[in-house]
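Nothing in this text is a laboratory measurement; each read-out follows from the coordinates by a stated rule. This structure is a prediction, so every number in the text was calculated from the model and none was measured. Glycine gets a Cβ as well: all are built from the backbone with ideal geometry, and neighbour counts include every protein chain shown.
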Amino acid sequence: MSPPLPTKPRVIGRYALHAELACGGMATVHIGRMFGPAGFQRTVAIKRLLPHLAREPEFVARFLDEARIAARIMHPNVVPTLDVVAADGEIFLVMEYVQGESLSRLMRTGASRRLPVDVACAIAECMLAGLHAAHEARDERGNPLDIVHRDISPQNVIVGTDGVARVFDFGIAKAIGRSQITTDGAIRGKFGYMAPEQLGGDVTRATDIYAASIVLWECLTGERYFRGDSDAALIAQILMPPRTSTRSIAPEVPEAVDAVVLRGLSPDPAERFADAREMALALSNACRSASAIRVATFVEGMAAESLAERADLVALVESTPALELAPRADGQPSSLRLRAAADARQPSAPRPSLATAVAAPAGAEVLAVPKRGKGRLVGLGVLMVSGAIALAAFGRQVGLAEERDAGPVPVASAARPSSSSEHDETAPPVVSSDPAATASSPASAVSARKPPPAPARLPASSSPHAAPARGPLAKGTTPTAPTKPLKMDLE
């Protein structure tokens with residue numbers, strides 16, 4: 001049964017830390033999620049230095065060295081390191097998550113603890129290819145780093161469900177330029193996979209070849225190469241290695257494969273293979289290794305239960321409430337924030353406000369007005385509406401003046417009171433908006449015979465709703481308002 005997930009995962013930068021997958025003496029490995037812009041998400045493995053070791057400069061330096069070394073090795077047979085995060089006084093290494101099983105568990109699962117010869121050779125070839133990539137790694141200037149893993153063992157080899165084996169955990173690797181220098185006499189690595197020269201501190205790429213040969217020997221035989229109840233007994237065997245043939249325990253192993261293994265187990269580093277690639281090629285020529293599909297089928301059959309539990313755990317992690325990148329006001333890099341599950345769906349767009357609609361040009365997409373500064377936008381919109389009304393009124397009067405200049409206009413009955421029966425031809429006509437009055441007025445004939453007088457300018461004190469005067473007024477004549485007041489449609 002897969003371990004339960006916390007209700008709220010721990011957020012570290014742009015990563016979410018979930019359940020623990022494995023635990024060692026120096027760090028724990030967790031399943032995690034990496035988040036990025038535009039909904040980007042990725043499942044990762046996060047290696048966390050134990051909190052009490054995070055206060056020790058020696059262990060922190062070693063942990064950071066592992067990240068720097070692994071970042072320079074780019075090969076499909078090496079688990080890549082993606083990022084390093086320091087948060088709350090702790091150090092985290094972000095690595096690629098590989099769906100698979102460690103070689104040590106695969107060896108323990110089988111009844112005979114032996115792997116099929118073709119599968120064992122295929123895994124060993126991948127392991128040797130990854131080691132060769134580490135040995136040949138270079139720095140940014142192209143200088144060789146001379147990396148030596150120093151801790152090759154079945155625990156540090158993972159076989160994925162894609163049929164590819166990968167090397168990981170360069171925590172005690174030796175490399176040029178490493179900030180953490182081991183003290184004289186310190187021994188790094190596991191005694192069960194240690195070369196004789198490693199006890200004296202002489203570590204080269206031949207040391208990794210020796211350890212890889214022990215791993216292959218154990219995969220083919222199902223037994224431990226060095227046996228001892230104490231470190232002292234193991235050290236005695238390392239100094240005087242047995243060099244036992246694989247065929248003496250597993251007769252099905254081809255002689256050519258056994259010869260490759262024994263050469264790699266030579267106590268003299270000079271008698272071993274020149275590099276890991278040479279041993280991989282010799283192994284490929286000695287045995288027809290299994291294909292990636294064959295290895296993947298073997299892994300899925302041997303570790304079906306654990307793989308299913310881990311797949312359920314990944315599905316549970318990926319179904320947790322969504323997280324999003326939250327920008328920070330201080331200009332620092334964005335961090336993650338939890339978002340409720342209901343908020344994960346895209347909210348409906350709010351209706352635009354009046355101020356936004358007025359300010360947007362014709363045909364432009366209208367966006368919602370943010371809450372901050374909304375009052376200022378509304379006030380601005382009111383001012384813009386008032387200005388639009390004033391411009392419309394001014395434009396209407398300009399249009400009327402242009403119509404008057406264009407030709408004769410209809411007039412009302414007369415400027416004098418309607419009770420008078422006399423009509424003064426010299427009286428100025430008055431604009432009317434009533435078509436009926438224009439048709440029945442006898443003064444319309446006067447407008448037809450005489451050209452219209454020059455228009456007079458509108459006095460500054462005149463109301464915008466009063467009809468403008470046309471020409472000089474007759475003596476004793478008082479201008480009157482039009483029969484119907486001018487109305488302006490502002491809608």
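Report the net charge of residues surrounding residue 48, where surrounding means a beta-carbon distance below 12 angstrom and charges are Lys +1, Arg +1, Asp -1, Glu -1.
-1
Rank by packing, highest mean first: peptides 254-264, 151-161, 137-147, with packing defined as the count of other Cβ atoms within 10 Å averaged across residues.
Final packing ranking: 151-161, 254-264, 137-147.
Just to be sure I understand the model, the point goes 7 Å from the Cα along the line to the Cβ. What's the resulting residue 85 to residue 297 distance in nm?
Rounded to a tenth, the inter-label distance reads 4.0 nm.
Can you tally the net charge around residue 268? Count Lys and Arg as +1, Asp and Glu as -1, for every other residue whose Cβ sits under 13 Å from the Cβ of residue 268.
Value of the local net charge: 0.
Simple spin-label model, 7 Å along Cα-to-Cβ: residue 58 to residue 113 in nm?
3.3 nm
Residue by residue through region 306-311, what is 3J(HN,Hα) from phi via Karplus (6.51 cos²θ - 1.76 cosθ + 1.60, θ = phi - 60°)? Round to whole Hz and write x for glycine and proline.
Taking θ as phi minus 60°, the curve returns 5, 5, 5, 4, 5, 5 Hz for region 306-311.
Between beta-carbons, use under 12 Å as the cut-off and find the net charge around residue 90, counting Lys and Arg +1, Asp and Glu -1.
Once positives and negatives cancel, what remains is +3.
Under 1.5 on a/c is rounded, so check that first for region 1-100, then, if it is not, pick prolate when a/b is larger than b/c and oblate when it is not; a ≥ b ≥ c are the square roots of the alpha carbon gyration tensor eigenvalues. Display every interim value, and only then the final one.
On the way: a/c = 1.42, a/b = 1.14, b/c = 1.25.
Rounded is the answer for region 1-100, as its axis ratio a/c remains below 1.5.
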